[in-house]
1. To make sure I understand the rule: partners must be lysines, Cα under 22 Å from the Cα of LYS68, and not fewer than 8 residues away in the same chain. Which ones qualify?
2. I'd like the Karplus ³J(HN,Hα) series for the range 100-117: coefficients 6.51, -1.76, 1.60, θ = phi - 60°, whole numbers in Hz, and an x wherever there's a Gly or Pro.
3. Of [x] 1.01; [y] 0.95; [z] 1.27, which is the value of Cα Rg over 2.2 N^0.38 Å derived from the coordinates here?
4. Return the loop-located GluC sites (Glu not before Pro) in the range 1-104 (DSSP other than H, G, I, E, B) with at most 10 other Cβ atoms within 10 Å of their own Cβ; answer none if there are none.
5. Which order results if HIS77, HIS51, HIS17 are arranged by neighbouring Cβ count within 10 Å, fewest first?
6. Spelling out what I want: for every residue of the range 62-73, take phi, set θ = phi - 60°, compute 6.51 cos²θ - 1.76 cosθ + 1.60 (Karplus), and round to whole Hz; glycine and proline get x.
7. Which trypsin sites (Lys or Arg not before Pro) does the range 24-92 hold that lie in a coil by DSSP with at most 16 other beta carbons within 10 Å?
8. Calculate one ³J(HN,Hα) per residue across the range 32-47 by plugging θ = phi - 60° into the Karplus curve 6.51 cos²θ - 1.76 cosθ + 1.60, and present them in order as whole Hz with x for glycine and proline.
Amino acid sequence: MLKNLQILLVDDDEDEHFLFERTLNEIDEHIDHYHAYGGQEMLEMLGRCDHGPDFIFLDLNMPKMDGKQCLWELKSHFKIPVVIYTTSRHQKDIDDAKSIGAEWFLVKPYSLSVLKSSLELILYDASGTGHIFMPETGVYKFK
């Protein structure tokens, strides 16, 4: 059970928020989930919190402040695990995310069942160590 786990999704696509929330509810209805539609909104939310979420899932392709800029700002001020959550499979994006400080890289899957299994892998492995690389599902663990 993942009760009391807090997840923040930062993505400019409202449909992504709906699908993500629906999938988290299938995994455990007690997971608290929050939404930000851009990097600046996320930073403002975090600035108002006493303690941040357990995970931030961060899209790379957003207007105004893209995911890499957002990750840089996040890692400069907060120690919150970040999962890059994107459609990109480009090696440069994976390498950049790792070098800036993301803990995970998750390619947005094409099915809800793959999204669910990918999220379960990440959320249940939160305390695990070691590198995970599953190109068939688009899940990469860096730390």
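Each reported figure results from applying straightforward, stated rules to the coordinates on display, with no laboratory input. Everything numeric in this text was worked out from a predicted model, so none of it was measured. Virtual Cβ from ideal backbone geometry, glycine too; neighbours counted across all protein chains shown.
1. Correct list for LYS68: LYS79, LYS92, LYS98, LYS108, LYS141, LYS143.
2. Once rounded to whole Hz, the list reads 7, x, 5, 8, 9, 9, 10, 7, 4, x, 8, 9, 5, 5, 6, 4, 4, 5.
3. Identified label for the calculated read-out: [y].
4. GLU29
5. On the way: HIS77 12, HIS51 8, HIS17 18.
Final ranking by Cβ density, sparse to dense: HIS51, HIS77, HIS17.
6. So the J values, rounded to whole Hz, are 10, x, 6, 10, 6, x, 5, 4, 5, 4, 4, 4.
7. Values: sites: ARG48, LYS64, LYS68, LYS75, LYS79, ARG89, LYS92; in loops: LYS64, LYS79, ARG89.
Passing sites in the range 24-92 are LYS64, LYS79, ARG89.
8. With the stated coefficients, the range 32-47 comes to 7, 10, 10, 10, 9, 9, x, x, 5, 4, 4, 4, 5, 4, 5, x Hz.
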